[in-house]
Amino acid sequence: MVFNLEMKNNRGKAFAWFLVLGILTGLLMAFFPLLQDDNLLSLANGFRDGFSENMQPILGFGSEVAFDKFTDYIPFIFQYLGILLGIFAIQLGAKSLSREQSAGTIEYLYANPITRTEIYSGKFTANMLHYGLVLLCVLLVAFASAYVFGIHDVRNLALVLLQVFICLLLLGFEFLCVGFFYSSISSRASHAEGGSLLLFIAIALVWAALIFMGSGTQAIAAFFPFSALNPLSMAGSGDFQWIGMVANIVLGLIFWGLGCIIYKGKELKF
């Protein structure tokens, strides 16, 4: 019951996010054929090299990125799309629990023989499925766009997109867990999306500051999801940061567990 209700509530929002991300994906893929021109490629490389070594990773650039190779270009654009997907995930979670209390439908849920743990897990499963479907559809748009714009190496294209899918699925899982934790301590759905966006920005700013401060703090920044689950470093170079991945999965599970415990002991107003 909870699963179906949550799927219905967020269906429109998920479709709207897919439209936005799908259009952006198609537009970004349209730039790839232009980068086959030496002059435009030189311009792109010059733009990247104009930033300092500390700023380049913050802005998503790297000296090893070859913009004219789709195995680098696709992960490169998806690291930016991943930021939007992270916002989508954390906002899904942030509004999930508090919405029922604000809308007054929490009484309907508790009128049925269902525990708070079942409500929490049912909502999380539904929202994770929403996120996964949006991500999958966006990657299908990327696959179709890549083929239309001249990338016919289907095997390597599929492999790159599969690696991107793994990265961004884990990214969404972690931020969805953070969003549910935020929702468990909040009772006002009207502030959920704005508050969760501010939390996301705060996490990103801390990560950027750690990178900008130099090599002494970059080791800490490497465990943030923006680095550890970056599609460019994983799919582009084939360098899966297993320790960072596991650390982020564990952190996500901790936030999930804390949110569930808080929600189970929370005094709800009917």
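The values are calculated or read from the model by the stated rules, or taken from the named source; none is laboratory data. The structure presented is a predicted model; accordingly, all values stated were derived computationally and were not measured. Every residue, glycine among them, receives a Cβ derived from its backbone with ideal geometry; neighbour counts consider all protein chains shown. Side chains are part of the model used for accessible areas, which takes the heavy atoms of the whole protein and leaves out ligands, DNA and RNA. Shrake-Rupley method; radii C 1.70, N 1.55, O 1.52, S 1.80 Å.
Miscellaneous remarks
- Apportionment of accessible area to carbon and sulfur, the range 134-191, percent (1.4 Å): 70
- Rounded to 10°, Cα long-axis angle of helix 38-49 versus longest principal axis of the chain: 60
- With K and R counted +1 and D and E -1, the other residues having a Cβ less than 14 Å from that of G86 yield a net charge of -2.
- With the simple spin-label model, which puts each label point 7 Å out from Cα in the Cβ direction, the M55 to I166 separation comes to 3.4 nm.
- Of all lysines in the structure, the ones whose alpha carbon falls short of 16 Å from that of K8, not counting any fewer than 8 places away in one chain, are K95, K123.
- All other residues whose Cβ lies under 14 angstrom from that of F143 are scored, Lys and Arg at +1 and Asp and Glu at -1, for a net of 0.
- Couplings 3J(HN,Hα) of the range 254-263, computed from phi: 5, 4, 4, x, 4, x, 5, 4, 5, 5 Hz, in residue order, whole Hz [Karplus 6.51 cos²θ - 1.76 cosθ + 1.60, θ = phi - 60°; x for Gly and Pro].
- Rounded to whole numbers, the Karplus 3J(HN,Hα) couplings from phi for the range 64-81 are 8, 6, 9, 5, 8, 10, 5, 5, 9, 5, 5, x, 4, 6, 7, 5, 7, 5 Hz, using 6.51 cos²θ - 1.76 cosθ + 1.60 with θ = phi - 60°, and x at Gly and Pro.
- Sites H152 and K13 - FRET efficiency at Förster radius 41 Å, r taken between beta-carbons, to 0.05: 0.70
- Distance between the C-alpha centres of the range 194-234 and the range 37-53: 24 Å, rounded to the whole angstrom.
- Local net charge near F175, Cβ-Cβ under 14 Å (Lys/Arg +1, Asp/Glu -1): -1
- A 1.4 Å probe run over the range 141-234, with the rest of the protein chains in place, finds 44 Å² accessible per residue.
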